[in-house]
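Quick notes on the structure that follows.
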Amino acid sequence: MISDNTPHDDYDNSSKMYDVLLNPFLSTIRNAFVDWAILNQPKRVLDVGCGTGKQLSLLPKNMEAVGIDLSDAMLAQAEQQAKGKCHQADAINIPFDDNSFDLILSQFALHECVESDQFGSFDLNK
C-alpha cells in the first residue's frame with residue numbers, strides 16, 4: 001500500500017492468495033524485471049509497495065534488496081518469501097537517506113494512491 005490515507009486492512013482477506021491468483025498475470029513482468037536487473041546489476045534496490053515480497057524474492061542474491069509496504073497482511077506474506085527484507089513504511093515518506101539505492105521500483109502499487117496529487121509526492125532520490 002502506498003500512503004497512510006489508504007486503509008491498512010485492504011489486503012487482510014486477500015494477502016494469502018495474492019500471489020496464487022495474480023502470479024499467472026504478473027510473472028512475465030516480474031521475470032522481465034529480473035532479466036533487466038541481471039543485465040544492469042544495481043547493487044541496492046528498493047521496492048516501494050513491495051506487497052508479498054515476490055519480486056524481491058526473485059532477484060539475484062548478490063543484490064541488496066529492500067521493500068516497503070503499509071499492509072501488515074502483505075508484509076506477513078513477504079516475511080515468508082523475502083525474509084527480513086520488507087518493512088512497514090509509507091511511500092510518501094520513504095525512511096531512507098537520499099541516494100541510498102541504485103534503483104527504486106514500484107510495480108503494481110500506484111493504483112493505491114487515494115488522491116491524484118499523491119502521484120507527484122514520491123521522493124525518488126532515495
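Round to the nearest 0.05 the FRET efficiency obtained for Thr28 and Asp98 when R0 = 30 Å and r is the Cβ-Cβ distance.
Working: r = 33 Å, r/R0 = 1.09.
That pair, Thr28 with Asp98, gives E of 0.35.
Dividing the alpha-carbon radius of gyration of region 8-121 by the rule-of-thumb value 2.2 N^0.38 Å gives 1.02. Taking amide hydrogens as placed 1.01 Å from N in the peptide plane, the amide H of Leu70 sits under 5 Å from those of Ala89, each at least 5 positions away in sequence or on another chain.
Tell me the trypsin sites (Lys or Arg not before Pro) within region 49-112 that lie in a loop according to DSSP and have at most 11 other beta-carbon atoms within 10 Å. Write down the numbers at each step before the final one.
Numbers: sites: Lys54, Lys61, Lys83, Lys85; in loops: Lys61, Lys83, Lys85.
Those satisfying the criteria are Lys61, Lys83.
Segment Leu21..Lys83, full-extension length gain: 20.2 nm, with 0.36 nm per residue of separation and the alpha-carbon distance subtracted.
Which percent, to the nearest 5, of DSSP beta bridges fully inside region 8-121 are antiparallel?
Working: 0 of 11 bridges.
Among the beta bridges of region 8-121, antiparallel pairing accounts for roughly 0 percent.
Where a number appears in this text, it was derived from the coordinates with a stated rule and is not lab data. Source: prediction; values computed, not measured. All Cβ positions, glycine included, derive from the backbone under ideal geometry; neighbour counts span all protein chains shown.
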